[in-house]
Amino acid sequence: MTDRATIVAGLGFRKNAGADAIVDAVAAALEAAGVQAASLGALATLADKAAEPGFLEAAQRFRLRVALVSEADLAEASAGALTVSARVMAEKGVPSVAEAAALAAAGPGARLLGPRVTNREAACAIAKGETE
């Protein structure tokens with residue numbers, strides 16, 4: 001990835017997740033991390049989720065760019081995850097898609113501002129990169 005934001009909301013979500021659920025997960029993660037929505041630079045997720053309508057609508061609602069993370073970048077960033085989902089580990093080989101996507105998109109030296117926040121359809125984690 002060449003384009004990185006300083007503060008990124010990483011997302012993992014079910015197929016056909018609704019925009020409302022994704023927006024709610026982002027809002028809850030922002031609140032938990034003590035970050036204002038205006039500080040976000042991007043919404044990040046796995047590249048294979050890029051065309052999901054709920055994700056695209058959520059990015060539009062927040063007026064944010066989309067950062068797509070490859071499976072290789074996700075795996076590389078996963079060492080910094082704070083939580084482990086057995087289901088996600090079995091399906092994707094990483095402890096948390098949301099946390100790893102946030103870390104990967106925020107760039108080298110990024111850190112999570114807290115563990116992911118989840119609802120029935122989506123999970124979100126906020127990461128901050130070292131540099132602008």
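Relative contact order of region 7-128, please, whole-number percent, based on alpha carbon pairs below 8 angstrom and at least 6 residues apart.
After rounding, I find 38 percent.
Mean residue ellipticity at 222 nm from the helices of the chain, using -39,500 (n - 2.57) per DSSP H segment of n ≥ 4 over the full residue count, to the nearest 500 deg cm²/dmol?
-11000 deg cm²/dmol
Let me check I have the definition right: for the chain, take the eigenvalues of the Cα gyration tensor, multiply each by 5, take square roots. What are those semi-axes in whole Å, largest first?
The equivalent ellipsoid of the chain has semi-axes of 17, 17, 14 Å.
Are there DSSP H segments in the chain that both extend 18 Å or more along their axis (alpha-carbon positions) and score a mean Kyte-Doolittle hydropathy of at least 1.0? List them, or say none.
19-33
Mind jotting down the three principal axis lengths of region 78-120 based on Cα atoms? Whole angstrom, largest first.
Computed over the Cα atoms, the extents are 27, 21, 14 Å.
Sort 68-77, 38-47 by the packing proxy (mean of other Cβ within 10 Å over each peptide's residues), most packed first.
38-47, 68-77
None of the figures in this text is laboratory data; all of them are computed from the coordinates on show. Remember, predicted model here, so these are calculated numbers, not experimental data. Neighbour counts run over all protein chains shown; Cβ positions are idealised from the backbone, glycine included.
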